[in-house]
Amino acid sequence: MPRYAFEDLTPGTTQMLGPVTITKEALLAFAQEYDAQPFHVDEVAAKDSFIGTLIASGWHTCSINMRLIADDVILDSTSLGSPGIEEVKWLKPVRPGDSLRSRMTILESRPSKSRPSLGLVRFQFEMLNQADEPVFTQKNWIMFGRRDAEPVKGSGPSVLAAAASDMPDNTPKRELPHISSNPYFEDLVIGETEVLGSYKFEPDDIIAFARQFDPQRFHVDAEAAKDSLFGALCASGWHTASVWMKQMVGYRHRIRETALAQGARPARLGPSPGFTNLKWLKPVYAGDTITYRSTVTGKRASNSRPGWGLVFHHNSGINQHGDEVFSFEGMVFWERRS
């Protein structure tokens, strides 16, 4: 019998998860696969970057937090997955050798009105380094089965979509013109969009990521997944998000190569302070191909970083059937023209 069901997760409860030490090898391996920006993969280039030193990808930090939750709570629970993330803030850089713990606080819980066999629990996570400095915060809901309820099977897409629809979303859905080549902060026009690229989620890739960061049975075992809420092997939400970053980096690399070929200096991007309103709207199953898009929704000059601006963007992932499976509101530091 699982240790944690919906009824066992009491609002006001706090628990410390971890610790885990971030090795240089692990930091580089994740970044090289999903977020190969210079300040994540190259110590020499990182010295001339926005931060000035090698740091972990923010998506790596999110994935590490997921693993801590899995080890200490989720794997011994009736967890049915999450519809999304309200907010993530990357507060301080995570560097090689840092030792991280995550303070988990249960904020609230409520039974599902449409699915009496499950409930939703709202969590806050605050990740601390070895100096007890907060480096990351996250707020999100997770679905849990109720203790005496019959197992929920095969209805994952509808349950996930219903739960995600309860989260706020003020972003209009629209098709927009393309972003100009090699844009600096001043060149970006609100409403411009771009297709970043597509990615096919193969079973082995889904399982490899999940074994490292999110080893819930519907992510690591195709047979066990058949009897789960989702009915088949599906990708961790953090895998879906990390591949978005992979596509964004690939898109920016193509922009950079074009600019260099034309004799221009490419515009640089800095790190991201965080994101809001991330939604996993539908499961990403083995064999699905997801196409990622990004749309500029706002921008402002940075008061704290001369020569830089902060750009806001809406991002989405669409599967081969035309269904939106993933979305979030992001922000990133963007270089201004000299």
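The values are calculated or read from the model by the stated rules, or taken from the named source; none is laboratory data. Everything numeric in this text was worked out from a predicted model, so none of it was measured. Every residue, glycine as well, gets a Cβ built from its backbone with ideal geometry; the counts of neighbours run over all protein chains shown. Accessible surface areas use protein heavy atoms only, side chains included; no ligands, DNA or RNA. Shrake-Rupley method; radii C 1.70, N 1.55, O 1.52, S 1.80 Å.
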- Could you tell me whether segment 37-45 includes any residue that is modelled with pLDDT under 95, of a type in the set (Val, Ile, Thr), open to solvent by 60 Å² or more (accessible area, probe 1.4 Å) and not in a strand (DSSP E or B)? yes
Among residues of segment 211-235 being aliphatic (A, V, I, L, M) and surrounded by fewer than 17 Cβ atoms within 10 Å (Cβ to Cβ), the residue farthest from Leu118 (Cα to Cα) is Ala222
inquiry  = Among the residues that make up segment 49-62, is at least one of them within 17 Å of the chain's Cα centre (by Cα) and closer than 27 Å to Ser112 by Cβ?
reply    = yes
message = Given the condition open to solvent by 50 Å² or more (accessible area, probe 1.4 Å) and assigned to a strand (DSSP E or B), answer yes or no: does some residue in segment 300-308 qualify?
response = yes
The residue that is surrounded by the most Cβ atoms within 10 Å (Cβ to Cβ), considering only those in segment 236-293 that are in a helix (DSSP H, G or I), small (Gly, Ala, Ser) and free of Cβ contacts under 8 Å to residues at least 60 places away in the same chain, is Gly250
Filtering segment 188-208 down to residues that are touching a residue at least 60 places away in the same chain (Cβ under 8 Å), buried (at least 18 other Cβ atoms within 10 Å of the Cβ) and either of a type in the set (Gly, Ala, Ser) or outside any strand (DSSP E or B) (or both) yields Leu188, Glu192, Gly197, Phe201, Ile206
Of Gly97, Gly81, the only residue that is assigned to a loop (DSSP other than H, G, I, E, B) and at pLDDT 95 or above is Gly97
Checked segment 1-36 for anything assigned to a helix (DSSP H, G or I), over 28 Å from Met248 (Cβ atoms) and open to solvent by 40 Å² or more (accessible area, probe 1.4 Å); matches are Glu7, Asp8
Taking segment 46-60 and keeping only residues that are open to solvent by less than 20 Å² (accessible area, probe 1.4 Å) and either of a type in the set (D, E, K, R) or within 30 Å of Lys226 (Cα to Cα) (or both), one is left with Trp59, His60
Note on Phe328: of the conditions (1) over 24 Å from His60 (Cα atoms); (2) part of a strand (DSSP E or B), unmet is (1)
Only unsatisfied item for Ser304, checking (1) within 30 Å of Asp221 (Cα to Cα); (2) over 17 Å from the mean Cα position of the chain (by Cα); (3) of a type in the set (S, T, N, Q), is (1)
Subset of segment 79-112, residues within 18 Å of Gln15 (Cα to Cα), open to solvent by 10 Å² or more (accessible area, probe 1.4 Å) and touching a Leu at 6+ places or on another chain (Cβ under 8 Å), comes to Arg101, Arg103, Ser109
Expected single match for small (Gly, Ala, Ser), under 14 Å from Glu133 (Cβ atoms) and modelled with pLDDT of 95 or more among Ser102, Ser63 is Ser102
Residues of segment 309-325 being part of a strand (DSSP E or B) and either more than 13 Å from Leu269 (Cα to Cα) or open to solvent by 30 Å² or more (accessible area, probe 1.4 Å) (or both), in sequence order, are Phe312, His313, His314, Asn315, Ser316, Gly317, Ile318, Glu324, Val325
